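Comments concern the structure below.
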Amino acid sequence: MSQRIQKVNELIKRELGAILMHEIEVPENSLITIAYVKTSKDLMETKVFMSIFPIEYAPKVLAQIKKRIGYLQKLLNRRLVMRRVPKIIFLLDTTEEEASQVEDMLKQV
């Protein structure tokens, strides 16, 4: 991955994290974190992988975020000083859940 794409990923992660903190209401005792960001080489789209805890709230929170994606994209466009701001796509990061499943399987063996 090029250094430019890495910088764009970090910038989007930081700015989108700040936006989400102020714009999305989450259920009490829950946490949203942006695990990582993957931007395409042509800067057309960026996939934002999110962790939502507890996992039971994930579908509800992700649906709420996707419902407001146009507004969130608009806020991100205003914050970033780039010629082309990538289109954001929100996805759920399941690596933590998969790791716990593997760990459970190993305990059974």
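Every read-out reported here was derived from the displayed coordinates using simple, explicitly stated rules and does not represent laboratory data. Treat the numbers as computed from the prediction; the structure is a model and nothing was measured. For neighbour counting, all protein chains shown are included, and Cβ atoms are generated from backbone atoms with ideal geometry for every residue, glycine included.
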Quiz prompt | Contour excess over end-to-end distance, with Cα ends at Phe53 and Gln6 and 0.36 nm allotted per residue | solution = 14.3 nm
Quiz item: What length, rounded to one decimal in nm, is gained on full extension from Lys66 through to Met44, with 0.36 nm per residue of separation minus their alpha-carbon distance?
Solution: 6.1 nm
Quiz prompt | DSSP bridge pairs, the chain: antiparallel proportion in percent, nearest 5 | solution = 55 percent
Exercise. Sort Ile12, Ile24 so that the residue with the fewest other Cβ atoms within 10 Å of its own Cβ comes first and the one with the most comes last.
Key: Ile24, Ile12
Quiz item: Excluding the sites themselves, what is the longest stretch of the chain that contains no trypsin sites (Lys or Arg not before Pro) in a DSSP loop with at most 11 other C-beta atoms within 10 Å?
Solution: 42-82
Practice problem: For the chain, just list the percent of Cα-Cα distances falling in each 10 Å bin from zero outward, please. | Solution: 13, 43, 28, 12, 3, 0
